[in-house]
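This report concerns only the one structure given below.
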Amino acid sequence: MSDFGSDDTLAQAIASWLPQARWFPAKTEATPAVALVDRIPLPTAATCEVVVAETRSSEPAEGPRRFLLPVCWGKAGPVDAATDPAVASWIVTAAQSGQRAAGRTSSLVGTPVPVPAVPPARDQPPPARIASVSPLAADSSNTLVAVRHSDATGSILKLLRQIRPGIQPEVEIGRFLATDPLWRHTPRLRAALEWHSPGSEPAVVAVIHDEVRGAESLWDLLLRVLIASGSERLRDALMPTLMALGRVTAQMHQALAGERGDPAFGSEPWSAADRRAAATAMTDHAEQVFHSLAATQQSLPAAAAAMLANVLSHRDAWLARLAMPAGSAWRSRRIRVHGDYHLGQVLFAEETAGTSLEDRLLIIDFEGEPQRPLAERRLKRSAAKDVAGMLRSLDYLVRVAERERGEPLPADTHDRLSGWFLGSYTATAEASCFWPSDPTEARTLLELHCLEKAIYELAYEANNRPDWIDVPLAALLAMLDT
């Protein structure tokens, strides 16, 4: 390792630029304490290595965090090299061919995903030689890289920066959906790269999917249309797409609820213990968020600080609402869900001959909410979690569009967008095991999960995008009136 510099030099360099990284979850820590767990040289990149680094939070209860840091050494010292062509090429090639790279105590191991016996219509042959690599500009907790191959196909490499040993939902769900002959709305999962360390479960640190050329996120598409469209054109411009999204979302839940011999999927009834556990998880998380935000209140602009003070003053009311599942009786069944469902997780593909509007919608990123433990992300839940996530995303869409326009949209804009999506979803999910037939139960579940999501958004925005914290704050204050 001497060719790459000392451990102390590397740790100091990482500590200096880590808080500025988009994917680092503790940006309030100016200079985090960094310790190196291992350094893994890359066989095909002479001046590059993959570093596993550990940081300790200022909150002792949170414990240490581990991160995957591809690093290249230059004249100015070590720099983050996740998007370096040599590094990205090695990761994609190693993952798809099952290669291994060893460090001092751990190793990186490629795990290709075999093509199922009944491939979806979008299946492509294994990629050819890598021709080019380019980073994707994305507001993400991970790092995305587009990889183009010599046969004109492409892949998307996603580095999961925070290392979490255990079964990764994105890989687990990707494998499951690839065996469903009726599901066509997810880019094919091709391979994963795992970090293996003695005494620990493997941790997925990278996944490779087929690229959908010419696609854009549904967030980008709808935001552009919403900014440009006057209220008189809103119905024609957005209703068909949102109704198609509702149908595809219900089809996703139908696929995840499928009984195909895998106990991690299928549907299960809500027992009293399940409801108590759900209530405890939601109230515990909310208490942690409220506690951490109370300490950061002074750093917010005056208007946001006043909104936050109002929200925190109703802490007991929020916790009481989140505790409701413990005393409820739900007839709908729990299933695996996307877990972090919003407009940015849906791609809108280019139109081709014979494709419908639904065919152009592709759902990505099944890893769940990045700040939650893997075991929690893999739990079976109410489908209302995903539906509420999309409703909250539509609220974000309207508020951001108003910022960009410099003027308010019609007061009923969010209700109209949500109504098109939700009406189409419930019509498609009618008579399913996962969606309540009782309107009161459906409304209760949606309100509960919208509240849970808004509280999660508070913590996320405080740590990543403080300028956006007014969006979940405004949503929570509006919920006080219902």
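Nothing in this text is a laboratory measurement; each read-out follows from the coordinates by a stated rule. Keep in mind the model is a prediction, meaning the values are calculated, not measured. A quick note on method: Cβ atoms are made from the backbone with ideal geometry, for glycine too, and the neighbour counts reach across all protein chains shown.
Compute the Rg/Rh shape ratio of the range 332-382: radius of gyration over Kirkwood radius, all on alpha-carbon atoms.
We get a ratio of 1.11 for the range 332-382.
Kindly point out which whole DSSP H helices in the chain project their C-alpha atoms 20 angstrom or further along the helix axis while averaging a Kyte-Doolittle hydropathy of 0.0 or above.
234-256
Which of the cysteines in the chain are isolated, no other cysteine C-beta under 4.7 Å?
Cys433, Cys450
Just to be sure I follow the rule: in the chain, considering lysines 8 or more places apart or on different chains, how many pairs have Cα atoms under 24 Å apart?
The result is 4.
Please report the equivalent ellipsoid semi-axes of the range 255-335, computed as sqrt(5 x eigenvalue) of the Cα gyration tensor, largest first, in whole Å.
So the three semi-axes of the range 255-335 are 36, 15, 10 Å.
So what's the back-of-envelope 222 nm ellipticity for the chain, counting only DSSP H runs of four-plus at -39500 (n - 2.57) apiece and dividing by all residues, rounded to 500? Don't skip to the answer; put the middle values down first.
Numbers: 13 runs with 192 residues, N = 482.
My calculation for the chain gives -13000 deg cm²/dmol from helical runs alone.
Quick one: P(r) of the chain from all Cα-Cα pairs, 20 Å bins, percents rounded to integers, in order of increasing distance.
22, 56, 21, 0
Could you estimate the translational diffusion coefficient of the range 227-279 from the Stokes-Einstein equation, with Rh from the Kirkwood formula over C-alpha pairs, at 4 °C and 1.567 mPa s, in whole µm²/s?
On the way: Rh = 14.5 Å.
Here the translational diffusion coefficient equals 89 µm²/s.
Quick check: convex hull of the Cα atoms in the range 354-482, volume per residue, rounded to a whole Å³? The partial results should precede the final answer.
Values: hull volume 19.9 nm³, N = 129.
With only Cα atoms used, the range 354-482 gives 154 Å³ per residue.
Computed over the Cα atoms of the range 143-231, what is the convex hull's projected area averaged over all directions, in nm²?
Numbers: hull surface 35.6 nm².
Hull-based average projected area comes out at 8.9 nm².
Among 72-82, 328-338, 292-302, how do they line up from the highest to the lowest mean number of other beta-carbon atoms within 10 Å?
In decreasing order of mean packing, 72-82, 328-338, 292-302 become 328-338, 72-82, 292-302.
State the volume of the convex hull built on the alpha-carbon positions of the range 290-406, expressed per residue in Å³ and rounded to an integer.
176 Å³
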